[in-house]
Amino acid sequence: MTELQDRLERFETLTAECELITKLATDSAKREFYLKLSEQYRKLAVDTRQAIATRAAA
């Protein structure tokens, strides 16, 4: 389970970094790109949390 927890932490970190870049970006295309990227990482984090919960329940 440690591997999944490590991945979860990494996805959460990447989400936060992309959100910060989104706020700081002056170019609208870059803002949009990093916003979408943060949404993808957030989705991966949610999916990973669900996988951890499923394994814990098994």
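Rule-based calculations on the coordinates, nothing more; no lab input. Remember, predicted model here, so these are calculated numbers, not experimental data. Glycine gets a Cβ as well: all are built from the backbone with ideal geometry, and neighbour counts include every protein chain shown.
Here are some notes:
- Every pair of residues 6+ apart whose Cβ atoms lie under 6 Å, when the first sits in region 21-46 and is polar (S, T, N, Q) while the second is surrounded by 12 or more Cβ atoms within 10 Å (Cβ to Cβ) and part of a helix (DSSP H, G or I): T22/R31; T22/Y34; T22/L35; S38/T15; S38/C18; S38/E19
- One residue from T13, T22, T54 being in a helix (DSSP H, G or I) and surrounded by 15 or more Cβ atoms within 10 Å (Cβ to Cβ): T22
- Here is the figure for region 29-58: residues that are among the acidic types (D, E) and within 17 Å of R7 (Cβ to Cβ) total 1.
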